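Reviewing the structure listed below.
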Amino acid sequence: MMLNKRRLAIGASAAVMGFAVVGAVTAIATGSLTNGDQVVIHQLPGTAQSATPGWPTNANGQTYGSLLKSTSSATDPDLVQVIATNSEAGYVYSSQLNQAAPSSPAAAVAQQAANTTGQFIPVYAQDGTTVIGQFEVSEPGSDAG
Amino acid sequence: MRKMSGVLEGCRRTILVGLVCGGFLGVASVALAATAYSAYGYTGTVNGHDYGTRSIVYTQQPGSPSDWAGTTVYTTGGENVGAGWMAADARKFKNGSLCDETGYLYNSISTNWEEPIAEARACGSGTYYSYGLIAVWNGNGYNYYYSQKSPSLNG
């Protein structure tokens, strides 16, 4: 009886630890790809300002369209038109497309050096839920400088 | 003897036709390759430096894996900035869809120029644009801008 309780306690602890590890890994994996709110991309000063496009919406009420029409990342559609690595036409979430802003130039260089495999995000059908492929948002670090 | 000379003549003709055809193909492949540049755009002064940028698209032939798009960022005064102070993210579009991008690539050493090129894969035949992004250090964080949009090229 005592042995069963101990086993139960060990099992429960292991489950909690496993959950915590998976949660932490998931947070790290998505944290660097979902901070679209922090990065706002503007048009260059003096550039002719075009009107914000009127994006169409899908059945789930999400806007979608091409970034060629974008005037600011603050007004980008929810779903951005891409071609997946498997050549399928689909959409990625704009919140996942704009990567984390490094905190300093040193952090930027370090982050770039640490990226040895590239980073991928899911590509969805127009409904924003059906995954049909993946898109590479960041190639392995290299530069021309 | 006359038969022999006829064979030689035939060979000569074949070689001549081959050379002419090869020449035409060479000219055609050169003619298909094209490069288009956007106008230059400027950030104005950011943390003591003025930056310029433009986007470039290159197509070789329909669907070629050698097609690429590039975005450059540089200091207009030619002075070097510290490592990590500027970055460019080259984005290649086909028929309006983003088909390839590099992500922001920062200058890893002190320099006055950075030009990532998105050329990792073939995106198939279509109308191509280059419309990248740049980031420059403002002392407390980064300013992000769209570069200029290149003219379209069919590839």
Open item on the list: Which three numbers, in whole Å and largest first, are the semi-axes of the equivalent ellipsoid of the range B:78-142 derived from its Cα gyration tensor as √(5λ)?
Closed with: 28, 11, 9
- [ ] Find how many whole Å separate the alpha carbon centroid of the range A:51-77 from the alpha carbon centroid of the range B:94-155.
- [x] 20
Task: Peptide-level mean, for B:137-147, of C-beta atoms on other protein chains within 10 Å - done: 4
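Could you list B:Cys123, B:Cys99 so that the one with the fewest beta carbons within 10 Å of its beta carbon is first and the one with the most is last?
Details: B:Cys123 24, B:Cys99 28.
Placing the least packed residue first, the sequence is B:Cys123, B:Cys99.
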TODO: Divide, for the range B:32-155, the radius of gyration over alpha carbons by 2.2 N^0.38 Å, where N is the residue count.
DONE: 1.05
Task: Number of partner chain Cβ atoms within 10 Å, mean per residue of A:74-83 - done: 3
Task: Sequence of B:Lys92, A:Lys69 once ranked by neighbouring C-beta atoms within 10 Å, starting from the fewest - done: A:Lys69, B:Lys92
- [ ] Step through the residues of the range A:63-76 one at a time and calculate ³J(HN,Hα) from phi using the Karplus curve (6.51 cos²θ - 1.76 cosθ + 1.60, θ = phi - 60°), rounding each to whole Hz and writing x for Gly and Pro.
- [x] 7, 8, x, 9, 5, 4, 9, 6, 10, 6, 5, 5, 10, 5
Task: Per-residue mean of C-beta atoms belonging to partner chains within 10 Å, peptide B:74-85 - done: 2
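Just rank A:Val131, A:Val109, B:Val73, A:Val39, fewest to most, by other beta-carbon atoms within 10 angstrom.
Going from sparsest to densest Cβ surroundings: A:Val131, A:Val39, A:Val109, B:Val73.
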- [ ] Once you have the Cα-Cα distance between B:Ser125 and B:Ala33, take 0.36 nm times their residue separation minus that, and quote the gain in nm to one decimal.
- [x] 31.8 nm
Task: Residues with amide H under 5 Å from that of B:Asp50, placed H, sequence gap 5 or more - done: B:Thr76, B:Gly77
Task: In Hz, Karplus ³J(HN,Hα) per residue of the range A:90-107 (6.51, -1.76, 1.60; θ = phi - 60°; x = Gly, Pro) - done: x, 9, 10, 6, 4, 5, 9, 6, 8, 6, 4, 7, x, 7, 7, x, 5, 5
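Here, each number is a calculation from the coordinates, and none is a lab measurement. Computed from a predicted model, the values in this text were never measured in an experiment. All Cβ positions, glycine included, derive from the backbone under ideal geometry; neighbour counts span all protein chains shown.
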